[in-house]
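This report concerns only the one structure given below.
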Amino acid sequence: MPLLSTLVDTFNDGVLGPEWGNSYGGTTETGGRAVVPCTTDYAGCQTGYAWTLAGSGFFVQVPVTPDPDGATAETYAAVTVQGTVEGTRVGFIINKFTGKLRCVSEVGYWDDTAVEIDYDPEDHLFLQLVEDDGDLIWSTSPDGETWTTQRTLATPGWIVTDAEMCALDMSAHRDGGDPDTAEFDFFNTLSDAGVVTASATLSAAAALDAGTPALVANATGSLTGETALSGVLRLTAYLSASLTASATLTAHAGAPALPEVAELAAGDWDLYIEQGATFLLRIVVDDDPEFTWDGWTARSQIRSEASERGDLLLDLTPYLTVDGGEIRIQVPASVTETLTRNGRWDLEVVNGSTVVRLLNGRAIVSPEVTR
């Protein structure tokens, strides 16, 4: 379960990492910060929908906020955690036009009971949101160490329901005036990635002969594994599921014979996909020995949600291999590397107009660390 508190970024390597894979509107990592354009369009530095706020939290520095000149109602920089329902989010909105900092828990992009305070760029340089034992706590700080609580609220239910499916969004927008930027830094860290500028004069206390070995320590170890991985595959998961039915169904006239599993409700099976690693899943469907799977094909997709408006995240069908009652899914690392959001999936077998759903559940993406 990827807690939001485990996401750490100093924005010092010049490239937004894949954990910010849903960024939009021309956001860049420049000058050691996440730089978000503030225009009459929308822009943001956004993670995939793969994180958990429940029992977790974040803090971030906001050193640069947009200039409100030319705006008519709003010029803002915002840091919010978004749920799976559009417009449902919690976090901070700094509106430079009104000079207010709002601590919000929104539904439909609005919170009638938001706590609003006069914004001070020094006292409110750092923003922090924490979920702790059923409470949401909004805090501000001038230095990231001494915090002042600005709002406390009973945790909205969606934060628990959407565990592993939330996104962190650092955004900016204005309704008029010349474009500029909002900038964000020190996400969940006060360390600048160990960058130190210093000078020193070093002198030796002793002379070393050319033959003096430089080796200080030498360690050996033996690693034994039960399976071998070849260099071709970056194998991280090998799972199997068995579906068994206990009754025979009679097909209607003109339809193909139905497998016994057609009488069963689709099995619940969550996919755990490690981003940037080969994914492998084998499903064995046990059936009446006299039943034949000839003429049946399989299809599968991952979408952002199980509805007509769900975005297609990955079509698994090209990566399916069907061999009788065994269905194999093998997704290359180059494809899983593109996944940045959690979603829903299912697996169906098809013969003409006959469709049987075998499995359904969540598709959970574990962000990659090693590159």
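The values are calculated or read from the model by the stated rules, or taken from the named source; none is laboratory data. None of these values were measured; they are calculated from a predicted model. All accessible areas refer to the heavy atoms of the entire protein, side chains included, with ligands and DNA or RNA removed. Shrake-Rupley method; radii C 1.70, N 1.55, O 1.52, S 1.80 Å.
Using a probe of 1.4 Å, the accessible surface attributed to TRP269 totals some 70 Å² when neighbouring protein chains are kept in position. In the context of the full set of protein chains, the stretch 278-363 has a per residue accessible area of 48 Å² (1.4 Å probe).
The distance linking the stretch 96-150 with the stretch 284-363 is 43 Å (Cα centroid to Cα centroid, whole angstrom). Residue ranking by accessible heavy-atom surface, 1.4 Å probe, largest first, among VAL79, VAL107 comes out as VAL107, VAL79.
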